Structure formats: C-alpha cells, structure tokens
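Each value in this text was obtained by applying a stated rule to the coordinates, not by laboratory testing. Note that this is a predicted model, so its numbers are computed, not measured. Using ideal geometry, Cβ is built from the backbone for each residue, glycine included, and neighbour counts are taken over all protein chains shown.
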Amino acid sequence: MRFASLLYKMSRWIFLLFLLVLVVACGPRQNTELEYAPQMYRSPAYKAQEYDGSAPQLSVMRKPPQGTVPIGYTPYTLTLADSLLQDQMTNPLPMTAEVLQVGRKYYNIYCIVCHGPKGDGMGYVVPKGMQQPPSFITGQTTRWSDGRIFHLITRGRGNMASYASQLLPDQRWAIVHYVRALQRAGKPTEKDLQELEKRGITFTEDVPDTSVSTSVPKQ
Ligand code: HEC
C-alpha cells in the first residue's frame, strides 16, 4: 500500500514534529499564553469598583451629579428651622385600621425599644442606661402637628437617630398615625372607655405582629 509506506517513511518527521510541539509547549511559564477569543476572558465592560480608564483617579461607580434623584423619590429638604413648613405638611394617609397596623408594625420594630409599648418613654433599653425619651402621652408631642412628628422621625434629634434610611415616607406617616393612637390610648376619654367596655376589649402587652404587610396599602 503506497499510503502506508509513505507514512512509514515520514514517521521520523512526524515523531520529530511531535517532539518539537512538546518542547515549545514546555516553554517558560512567564510567557503569555496564546488566548483564543480574549474578549471572552476579559469583558470590555468596567466593573463597579474598578478605576475608570478614561479618568484614572476616579472609580467607575461615580456619585450621581448633584440634584439627581431616583425615579419616584421625592427629596425631603426641610430643616429644623423650617418649623412652619413642617406644620404645613399633612398626613397623606387615612387613619384606617390597615394603616394603623403598618404603623404599629414599624413602631414595634424601630421605636418600641426606647419609647416603650405605650409610648410613655419606658422602653426596654431605658432601665439599661439609655436616656429616657419624652412621653408621647404627656409630653409636647400632644401639641405637635403630624408634620412635626414626621420631621423628627425623618431627621432625628439628639440621642435619637434619623429613620429616613430605614423607613419609607409612607411607613413614617403610618407611624405618626400610630403615635396618635398611642396618645389616645394613654389618655382615653370617658367615651373611649365606654366604647371599649361595650366591645369587650381589654389591653394586652403589644407583641409585634410580623404577619402584617410591609407597606401601606395602595389607595
Ligand atoms: C435609641 C432610642 C430611640 C429610638 C429607637 C427612637 N427614639 Fe424617638 N427619641 C429618643 C430620644 C432619646 C428622644 C429625645 C431626643 C432629644 O433629647 O432631643 C426622642 C424623641 C422623640 C420624639 C420627640 C418627643 C418630644 O416630646 O420631644 C418623637 C416624636 C420620637 N422620638 C419618635 C420616635 C419614633 C416614631 C421612633 C421610631 C421610628 C423613634 N422615636 C425611635 C430615643 C429613641
């Protein structure tokens, strides 16, 4: 067979070629390897934490330009000095049972530890050394507008932090309604007491209800 004999004659060369490939493949490691389709290894897209190639001192993840706001977000710009504007804000939510449930849920998550289940300032951390917050039942908040309470939750004051990053504006407004409910429960009128008796409602320790939806129901 001609092909077989040809192969036999060339076998020496084939063997040498094989050796050559082996020697080249065993070259020094520091040599860059040949990459097939390098775009697949190194994406041309930048990663958020990388430096920006076109502005070497800046990270790719830039601060948005001043004045930029996310879609659907209304910036809150009032300061402590804007007390008149605070008073002009009205609670956009109706005081319904659903809204109060949301308010109660978030009060019990974020506020109860200091302000207490009744809002009297006797939270669980107060006997442990935390400054006692003013009572919602006897303190100045009984005379405050809803907007002023909303402002305080949004901005914080003294030992109380701002809750703007934990609570959406609607959730803060729901809490304002709940604070109003606590105030009424703390100083019930004769009529309130009669109503409670008529409905057979007795006060129990408030336990956080985790089954409640996390946001205020859409109107
Ligand atoms: C870490 C404890 C703590 C937590 C949690 C906390 N507060 Fe306070 N709160 C305080 C303290 C302390 C003050 C008094 C601040 C001051 O001295 O200026 C205060 C003041 C207030 C006041 C003004 C009371 C007044 O009579 O002047 C309101 C209203 C209020 N808090 C609402 C809330 C709400 C609503 C939440 C939950 C979103 C909350 N707080 C969470 C500690 C806390």
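A few notes on this one:
- Contour excess over end-to-end distance, with Cα ends at SER83 and LEU168 and 0.36 nm allotted per residue: 28.5 nm
- Cα extents for the range 50-89 along the principal axes, largest to smallest and rounded to whole angstrom: 50, 23, 12.
- Cross-link partners of LYS63 among lysines, defined as those whose alpha carbon lies under 17 angstrom from its own and excluding same-chain residues fewer than eight positions apart: LYS47.
- Rule-of-thumb Rg ratio for the range 83-199 [Cα; 2.2 N^0.38 Å; N residues]: 1.06
- Mean Cα-pair separation over length for the chain, i.e. relative contact order, pairs under 8 Å, 6 or more apart, %: 19 percent
- Rg and Dmax, both from the Cα atoms of the chain and both in Å, are 34.5, 118.
- Within the chain, helix-based [θ] at 222 nm, where runs of 4 or more DSSP H residues each add -39,500 (n - 2.57), nearest 500: -11500 deg cm²/dmol
- Cβ-derived FRET efficiency at R0 45 Å, ASP52 paired with VAL24, nearest 0.05: 0.70
- Per-residue extension of 0.36 nm, minus the Cα-Cα distance of GLU98 and LEU6, leaves a gain of 24.0 nm for this segment.
- Using a Förster distance of 35 Å, the FRET efficiency for GLN132-THR74 (Cβ separation, nearest 0.05): 0.55
- The range 92-150 and the range 1-75 have their alpha-carbon centroids 59 Å apart.
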